[in-house]
Amino acid sequence: MKVQRIEVENKPYPLYLLLDKEYQLIEPVMKFIKYLDNTGKSPNTIKAYCYHLKLLYEFMEQRGVILNDINFELLADFVGWLRYPSASNVIDLQSKKAIREETTVNTILNVVMSFLDYLSRLGEFKSIDVFKQAKGRNFKGFLHHVNKGRYQKKQIRTLRSKEVKQIIDACHTKRDKLILMLMYEGGLRIGEVLSLRLEDIVTWDNQIHLTPRDVNVNEAYIKLRKERTIHVSKELVSLYTDYLIYEYSEELEHDYVFISLKEGYFGKPLKYQSVLDLVRRIVKRTGIEFTSHMLRHTHATQLIREGWDVAFVQKRLGHAHVQTTLNTYVHLSDQDMKNEFNKYLERKEHKK
C-alpha cells in the first residue's frame, strides 16, 4: 500500500491517492478523496485521511476480507489491530504495549466510518448494521463498546508559564522565538504559522490575518480554509519587526514570513518538518517534553482561566464547533475547579 501525491491539472494544490501493493489505484478511496476535495477539505487533511484509510486496507489485506465483508465485529478487530498491529489474529496483550493512543485510534476510526458512510450513500457498501450498531456518526459509544470500558480520554498536559519562558529563552534565533510565540500567544497551528505572508501581519494594529490560499509552495495550509483575525501583543509584533530587520532578507522573490536560515537553503519558505525539528531541539535543550500543539492547548486553557467565554476562544482558535474547544483544547485542573468554587462562595457570601 502506498499513499501517492499527484498534481492535478487546473488545481493549484496537490491531492493524494491510495495505491495497492501492485501500484493500482484503489477506486473507492479515489472517489472519497474527490468528494473531500469538492467539499473544501484542505490538502493536508486529505493526505491524513489517505494514510488512515491505508491502515484500513492493510488490515483487510491481512484478514483476507473486502469492504463489503466489514461488519461491527470486524471493526472491533480493526480497533484492536490499530493498537497492536500484527499479521496474526492472536495478540498477546500481556507482552505488548499499544503503539497508538486511544485518541489517535478514535480519529482513525472516525475517518473509516465517514468513508464507509460515503460509500453506503453511493450504494457501494452494503453492511448497514455497522452504522446501526455504531449509533450513527457518534463513535464514542462504539469505541467504548469495543474497548469494553477501558477507553478514557487522555487529558493533554499544558505548560506552566515558567516552562514556556524556558522554551522561548532556549531559542537561538528571533525566527524560532517568533514561531513558538505565535503558537503560544496566538494559539496558531503549525500550518497557520507557516502560511503567513508579509501582508497578513498588520504591525500598526497588532493584528494577524489568517488568509486561506490555494497555493502555498511549502504545503502549509489553514485548516477549514476559513479566514480569521488574531490580535496579539505589542511585544510579539516587536519581535516580528526585529526578525525582519536582523534575520530576514529584502531580496527574496516571495513574501512568506518564515524562511530557512540554513546556508545553502537561505530564503526558502520554511516547511512543516523544520518546525518539528525545532521543537525536538528545544526539548533536548530544556528537558521539557512538549509538542507544538501543547502551546496551543496552553493558550486556550489560560484564556478560559482568565474568564474568556468559550465562544470567543472558539473563534480565536478557528474551531468549527464550540464543543471541539470544550472537549479537546480546554483542560481545567482540580485546582481550577476549586478556585472557581471558592469565587462562587465569596459572591454568595457577599450577597448575604
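The values are calculated or read from the model by the stated rules, or taken from the named source; none is laboratory data. The structure presented is a predicted model; accordingly, all values stated were derived computationally and were not measured. Methodologically, a virtual Cβ is constructed for each residue, glycine included, from the backbone with ideal geometry; neighbour enumeration extends over all protein chains shown. Note: accessible area is taken over every heavy atom of the protein model, side chains too, but ligands, DNA and RNA are not part of it. Shrake-Rupley method; radii C 1.70, N 1.55, O 1.52, S 1.80 Å.
Within the option set Lys34, Lys41, being open to solvent by 50 Å² or more (accessible area, probe 1.4 Å) and part of a helix (DSSP H, G or I) holds for one residue only, Lys34.
Here Val65 fits the description: outside any helix (DSSP H, G or I), open to solvent by 20 Å² or more (accessible area, probe 1.4 Å) and within 22 Å of Lys126 (Cβ to Cβ).
Leu15 passes every criterion in (1) over 21 Å from Ser120 (Cβ atoms); (2) open to solvent by 40 Å² or more (accessible area, probe 1.4 Å); (3) free of Cβ contacts under 8 Å to residues at least 60 places away in the same chain apart from (2).
Selection over the stretch 268-299 of residues that are crowded, with 16+ Cβ neighbours inside 10 Å and either assigned to a helix (DSSP H, G or I) or touching a Phe, Trp or Tyr at 6+ places or on another chain (Cβ under 7 Å) (or both) gives a count of 15. Is one or more of the residues making up the stretch 269-291 more than 21 Å from Ile167 (Cβ to Cβ) and touching a strand residue (DSSP E or B) at 6+ places or on another chain (Cβ under 6 Å)? So far as the stretch 269-291 goes, yes, one or more of its residues are more than 21 Å from Ile167 (Cβ to Cβ) and touching a strand residue (DSSP E or B) at 6+ places or on another chain (Cβ under 6 Å). Checked against the criterion of being at pLDDT 85 or above and touching a helix residue (DSSP H, G or I) at 6+ places or on another chain (Cβ under 9 Å), the stretch 85-94 contains not a single residue that satisfies it.
Taking the conditions exactly as written (among the charged types (D, E, K, R), farther than 23 Å from Glu7 by Cβ, open to solvent by 30 Å² or more (accessible area, probe 1.4 Å) and in contact with a helix residue (DSSP H, G or I) (Cβ under 9 Å, 6 or more places away or on another chain)), does Glu219 satisfy them or not?
Values: among the charged types (D, E, K, R): yes; farther than 23 Å from Glu7 by Cβ: no; open to solvent by 30 Å² or more (accessible area, probe 1.4 Å): yes; in contact with a helix residue (DSSP H, G or I) (Cβ under 9 Å, 6 or more places away or on another chain): yes.
So Glu219 does not fit the description; no.
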